[in-house]
1. Give me the pairs, please: first residue somewhere in the range 289-301 and under 25 Å from Glu223 (Cα atoms) and hydrophobic (A, V, I, L, M, F, W, C), second residue anywhere and open to solvent by 30 Å² or more (accessible area, probe 1.4 Å) and not in a helix (DSSP H, G or I), beta-carbon distance under 7 Å, and either six or more positions apart or on two chains.
2. Across the range 393-445, what is the number of residues that are part of a loop (DSSP other than H, G, I, E, B) and without any contact (Cβ under 8 Å) to a residue 12 or more places away in the chain?
3. From the residues in the range 226-259 that are in a strand (DSSP E or B) and among the small types (Gly, Ala, Ser), which one is least open to solvent (accessible area, probe 1.4 Å)?
4. In the list Thr131, Thr121, which residue meets the criterion of being over 28 Å from Ser170 (Cα atoms), at pLDDT 95 or above and not small (Gly, Ala, Ser)?
5. Can you tell which of Pro314, Pro318, Pro305 is open to solvent by 40 Å² or more (accessible area, probe 1.4 Å), modelled with pLDDT under 95 and touching a helix residue (DSSP H, G or I) at 6+ places or on another chain (Cβ under 6 Å)?
6. Considering the range 277-302 alone, what residues qualify as being of a type in the set (A, V, I, L, M) and either farther than 17 Å from Val251 by Cα or surrounded by fewer than 21 Cβ atoms within 10 Å (Cβ to Cβ) (or both)?
Amino acid sequence: MKHVTLHNMHNSFLCALHAGGGSGHEPAMAGFVGRGMLAAAVCGEVFASPSEDAVLAAIRAVTGPAGCLLVVMNYTGDRLNFGAAAERAKAEGLKVEMVVTADDCALKAKAAVGRRGIAGTVLVHKIAGATAAAGGSLDEVKAAAEAAAASIGTIGASLSGCTVFGQPPSDRLGPQEFEMGLGIHGEPGAYRERIRPMSGIVDEMVSRISGEADSYLPLKQGERVALLVNNLGSTTALEMHGAAAAAARLVETQLKACVERLYVGPFMTSLGMHGLSVTLLRGADKGVLALLDAPTEAPAWPSAPAIYAPNKVPVLLPTGPTDEAGEDGAGAAAGADSGANSEHARAVRRCLEAACEALLGAEAELNALDGKVGDGDCGSTLAKGASAIQAALQSGALPLDNPASTALALASLAGRSMGGTSGAVYKILLTAAGASLRLGGQQGLTLTAAATALLAGVAAVSKYGGAQRGDRTMLDALGPAAEALNAAAEQSQAAEAAAEAAAAAAAAGAEATCSMAAAAGRSSYIPAEQQAGNPDPGARAAVIWLQAVARAL
């Protein structure tokens, strides 16, 4: 069977570019068939050269008056079968030439065989394909391909071999080893070593290509290069881009070359190999860059020029009113808060100090409750937030005389000091409350404004966290507290009585969680019988600080 991929819109009056090899390297070669790159690609079985007949069939299909150039990687089977097909095509009167790529820098060349052709071949396809698409003659396309092939160097490294279908996985590498210079068919590399940080591995790869005295591809200082970092099969996108960034940095800082283009992705794989290869193309002048950037319809080639910009100018992100809390929790105008000693500010300080002391004193209780239904750190997490608030109070960093600024500063402190889900929940609660106070234009804190702000905070936590009243969360305490505070405001009660009513409503709500089955949070993964009889730790924590605030007033 002949496995041939053709560009069905190929202009037969243009020189045709034809490549191929064994399967298992996808997207190579079929993925590079399209206007501006290959006119044809022929694939053999997995890691096996395509047959002479298949190669010849592809030559016949795409070769017109302008002729055909075969780009063949340096493997014996490929050279023989493509060469034999080329000779038969010539005997039939077709104009055919062949260029062999041999960019592997892992081993010193052997007299009879030479270096292997690997991922750098794709850059040859692109440069020669663009030359052909621009109307270049067969001789011009061949010259472009030969110049590119002489200007590339590649080396691969991998944490695993490749597993061929139906065969057992390779056990050549241990769990803490990587292999340098292995082939794209799973052939052993130059050597194996213990795994070390990626930057060190990439440093060695770049050095073996161009950084050593007798390196395969010596570079001049300031030389313009293109860099291709190729995924050998199963390397993650995070690993690939980390390696690409390290490679580009090393080329510029150690080799003193200028990276003009940086290509990252799967270009020539080795089935599921967990590795990558690095290719350098030297002499990337304006003419070469124009060919690399020329448009192509080949689906596996990047659709936009891979321009490398190492010296990116940092962009200042816009700020807003809710950014006023700094690293120490200070408001933008905290240091100039002329009302820090006002009656209102003193009352806020008393409430915050009482709440913090109560949470610190309840750390063990809350951890024990959380240990029954979660990861046992609820008390410790809230204690971190309490300690951060105490430090901000001591340093005078909180804008205590402006209710909205106080809430927003506390939100920032909670998110930064507590972290995790609890930090996010309290940050949303306090940010929404602060936004409500700011929109209300409150300079002093009225009972109505406080109730409205707490209701807004509770609604925001429910909206973004997904929990509702009855789901066995802190909302089962804070929801009733907010409603009680609002009712007290409507009845024009004193602040002290309103705070006591809110704390009592929260306590009743928290107690009710003892018989609830959790429907949100980590507790929802715990069997209902294990939760029974114990209040939700988050709800209990809300009761503790609300009761402390009521006593402080």
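1. Leu289/Glu260
2. 1
3. Here the answer is Ala226.
4. Just a single option satisfies the conditions, and that option is Thr131.
5. One residue alone meets the criteria, Pro305.
6. Within the range 277-302, Val288, Leu289, Ala290, Leu291, Leu292, Ala294, Ala298, Ala300 meet the criteria.
For every residue, the table says whether it meets (1) closer than 25 Å to Val33 by Cα; (2) within 18 Å of the chain's Cα centre (by Cα).
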position	(1), (2)
Asn231	yes, yes
His241	no, yes
Ala244	no, yes
Thr253	no, no
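Every residue, every condition in (1) within 24 Å of Pro266 (Cβ to Cβ); (2) in a helix (DSSP H, G or I); (3) among the aromatic types (Phe, Trp, Tyr), yes or no:
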residue	(1), (2), (3)
Asn11	no, no, no
Leu17	yes, no, no
Glu26	yes, no, no
Ala41	yes, no, no
Glu45	yes, no, no
Ala48	yes, no, no
Val55	no, yes, no
Ala66	no, no, no
Val72	yes, no, no
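The values are calculated or read from the model by the stated rules, or taken from the named source; none is laboratory data. Computed from a predicted structure; not experimentally measured. Heads up, the Cβs are rebuilt from the backbone with ideal geometry, glycines too, and the neighbour counts pull from every protein chain shown. Surface areas here come from the heavy atoms of the whole protein model, side chains and all, with no ligands, DNA or RNA. Shrake-Rupley method; radii C 1.70, N 1.55, O 1.52, S 1.80 Å.
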